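Accompanying notes for the structure given below.
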Amino acid sequence: LMLIPRMKNWVAANYPGTKIGITEYNWGAEPYINGATAQADILGIFGREGLDLATRWTTPDPSTPTYKAMKLYRNYDGNKSTFGDTSIQAVVPNPDNVAAFAAVRTGDGAMTIMAINKDLNNATPVTLNITNFTATGPAQVWQLTSANTISHLSNTGLTNGVLSQVLPAQSITLFVLPGATTFHLRIGTNRPPGQLELWLDGQSGQSYVLQSGTDLVHWVAVSTNALSSNSFSFLVAMTNPAKMFYRGAVNPP
C-alpha cells in the first residue's frame, strides 16, 4: 500500500507543509500476543516514516498484551522511560519475520532498539550490529511474550559493536544501550528564595567542575563533582550584587 509515503507525496505535490495522520486505526486481537506484535510493529513504522499523528480506536485494556506493547514504547520500566525520539536507521533481512526499529533518546543519549519476532512457533536468534554509536555500558533488555508480562531480563554486553540475543516466538524485545549525554549547563526549576538552581548534565562517572567568573575570562572553581548519575544540581546564592557568569567544564583526570 505504501500508505504513509503516498500521503507524503500528495502533500509535497499539492499541499506543501500539511501534516499527515492516521486516525481511528485498530488491528484488533487485543487480548492476544499477535495483537501486541502488530501494535508494536505499526508504532515502529509510524515513527520510522515520520507520521505526524496517529490515533488508535480505542485504548486497549491495561491487562492486555496490546496495551503492554504500547507501554514498551512509552513507559517500559514504570518510571516513564521511553523509546527514543530521534529515529535512526535499522535494517533487517525480512521484516515479515523479524522487524526492528531504532532511535536515540535525546534526554540521556541512549540508543533504543525494538525487535519484534513474528514467528508463530519458533524462537529466532538475532545479531545486532551497532554502528556509529559508542555504548557506555551493557544494554538493558525488556521483553513482552505470550506470558503477558513485561520482563526486565539480564543486561547483555556488546562485543566489538555486536549484540546477540534469542527472541522467543511472538515476542517484542526492547534493547536500551546507554550513551554519552550531551554535556551542558542549564537552569533548574527549583528556585528557593535568594538562590538559583543550576544543573550540569553529562556522563555518569565523569568528573566535572562548575566555575564562576565576572568577565568571561577569569574563572574560579565553585564545585567539582564526579557524576553518580547523568546530572547534578547546585544552588547558587544570588545575594552578590556583581554580575556573575557560570560554566561547566570537564575535569581532567
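Among the numbered criteria (1) open to solvent by 80 Å² or more (accessible area, probe 1.4 Å); (2) polar (S, T, N, Q); (3) over 17 Å from Ile150 (Cβ atoms), which single criterion is violated by Asn79?
That leaves (3) as the condition not met.
Which numbered condition in (1) of a type in the set (A, V, I, L, M, F, W, C); (2) assigned to a loop (DSSP other than H, G, I, E, B); (3) out of contact with any Ser or Thr (no Cβ under 6 Å at 6 or more places or on another chain); (4) at negative phi is the only one that Met70 fails?
So Met70 meets the others, but not (2).
In region 100-112, how many residues are crowded, with 22+ Cβ neighbours inside 10 Å and among the β-branched types (Val, Ile, Thr)?
Within region 100-112, residues that are crowded, with 22+ Cβ neighbours inside 10 Å and among the β-branched types (Val, Ile, Thr) number 1.
Could you tell me which residue of region 178-205 is farthest from Leu158 (Cα to Cα), considering only residues that are modelled with pLDDT under 80 and touching a Leu at 6+ places or on another chain (Cβ under 6 Å)?
Checking each candidate, the answer is Gly202.
Look through region 137-149, keep the residues that are over 15 Å from the mean Cα position of the chain (by Cα) and of a type in the set (Val, Ile, Thr), and return whichever of them is nearest to Pro62 (Cα to Cα).
Thr149
Any idea which residue in region 108-145 is nearest to Ile88 (Cα to Cα), counting only those that are touching a Ser or Thr at 6+ places or on another chain (Cβ under 8 Å) and not in a strand (DSSP E or B)?
Gly109
Filtering region 65-76 down to residues that are free of Cβ contacts under 8 Å to residues at least 60 places away in the same chain and over 10 Å from the mean Cα position of the chain (by Cα), which residue is surrounded by the most Cβ atoms within 10 Å (Cβ to Cβ)?
Thr66
Report yes if some residue within region 55-63 is within 20 Å of Asp96 (Cβ to Cβ), of a type outside the set (Lys, Arg) and either over 20 Å from the mean Cα position of the chain (by Cα) or part of a loop (DSSP other than H, G, I, E, B) (or both); otherwise report no.
No, the conditions are met nowhere in region 55-63.
Only one of (1) more than 22 Å from Ala135 (Cα to Cα); (2) of a type outside the set (Val, Ile, Thr); (3) open to solvent by less than 80 Å² (accessible area, probe 1.4 Å) fails for Asp96. Which number is that?
(3) is the only condition that Asp96 fails.
Are any residues in region 133-152 open to solvent by 60 Å² or more (accessible area, probe 1.4 Å), touching a residue at least 12 places away in the same chain (Cβ under 8 Å) and of a type outside the set (Ser, Thr, Tyr), and if so, which ones?
Scanning region 133-152 gives Pro138, Gln140, His152.
When the residues of region 1-31 are filtered to those that are in contact with a Ser or Thr (Cβ under 8 Å, 6 or more places away or on another chain) and closer than 23 Å to Asn122 by Cβ, which remaining residue is most open to solvent (accessible area, probe 1.4 Å)?
Pro31
The values are calculated or read from the model by the stated rules, or taken from the named source; none is laboratory data. All values reported here derive from a predicted model rather than from experimental measurement. Note: ideal-geometry Cβ built from the backbone for every residue, glycine included; neighbour counts use all protein chains shown. Please note that ligands, DNA and RNA were not included when accessible areas were found on the heavy atoms of the full protein model with its side chains. Shrake-Rupley method; radii C 1.70, N 1.55, O 1.52, S 1.80 Å.
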